1. Positive end of the dipole of the chain, charges at C-beta (+1 Lys, Arg; -1 Asp, Glu), about the Cα centre: which of 96, 10, 33 has its Cα farthest in that direction?
2. Sequence gap at least 6, Cα distance under 8 Å: using those rules, report the relative contact order of the chain to the nearest whole percent.
3. In Å², and per residue, what accessible area does the chain have when probed at 1.4 Å with the other protein chains present?
4. For the chain, set up a GNM with springs between Cα atoms under 10 Å and report which of 31, 60, 21 has the largest fluctuation.
5. Ignoring ligands, DNA and RNA, what percent of the accessible area of the chain is carbon or sulfur (1.4 Å)?
6. Does anyone have the angle between helix 113-128 and the longest principal axis of the chain? Alpha-carbon axes, 0 to 90°, nearest 10?
7. Tell me the accessible surface of residue 35 in square angstrom (1.4 angstrom probe, heavy atoms of protein chains only), to the nearest ten.
8. Using a cut-off of 10 Å between beta-carbons, work out the net charge of the residues near residue 17 (Lys and Arg +1, Asp and Glu -1, residue 17 not included).
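The values are calculated or read from the model by the stated rules, or taken from the named source; none is laboratory data. Source: prediction; values computed, not measured. Quick reminder, even Gly has a Cβ in these numbers, built from the backbone with ideal geometry, and neighbours come from all protein chains shown. Just the protein is used for accessible areas: all its heavy atoms, side chains included, with ligands, DNA and RNA removed. Shrake-Rupley method; radii C 1.70, N 1.55, O 1.52, S 1.80 Å.
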Amino acid sequence: MLAGAAAGYVDVVSGYTRIQIENKAFLGHIIAWTLHYGEWPKEQIDHRDMVRTNNAIKNIRLASRSQNCANSGATVRNKSGVKGVHWSNHNKKWVASIQVRKTKKHLGFFEKIEDAAAAYQRAAIDGFGEFARIA
């Protein structure tokens, strides 16, 4: 390997960088954290920008499972395209909800998807702070 070249390979299943050391694969962000801070991380490592291969120290931070999940986009099952928002066929309105610290909270019914999205965004910032992913 050349000095300055990227180490490891990108795992095609997870999208994370893996680095082989003595026939064992380690996650690149764990190696980056450990080399920089001199200790194995005590919590999960979150990528601020959600790019799993961006292991720059300024892009990774310690996070609880809840914080790491908060900094994620809408799931593939989300049909509205807006995190925390879905359509209610029963009420014929958009519904916003959020789960913070294992407690699900109904944020309201809305005529416009933009209003439901704004309600989720406010609740996410309040509940998750710097880990809130609102886009």
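1. After comparing all options, I get 96.
2. Details: 198 pairs, mean separation 20.3, N = 135.
Value for the chain: 15 percent.
3. Numbers: 9200 Å² over 135 residues.
Roughly 68 Å² per residue, with all protein chains present.
4. Between 31, 60, 21, it is 21 that shows the largest mean-square fluctuation.
5. Values: 4990 of 9200 Å².
Ligands and nucleic acids excluded, carbon and sulfur reach 54 percent.
6. Helix 113-128 sits roughly 50 degrees off the main axis of the chain.
7. About 140 Å², ignoring ligands and nucleic acids.
8. Working: positive: 18, 52; negative: 11.
Around residue 17, the charge tally is +1.
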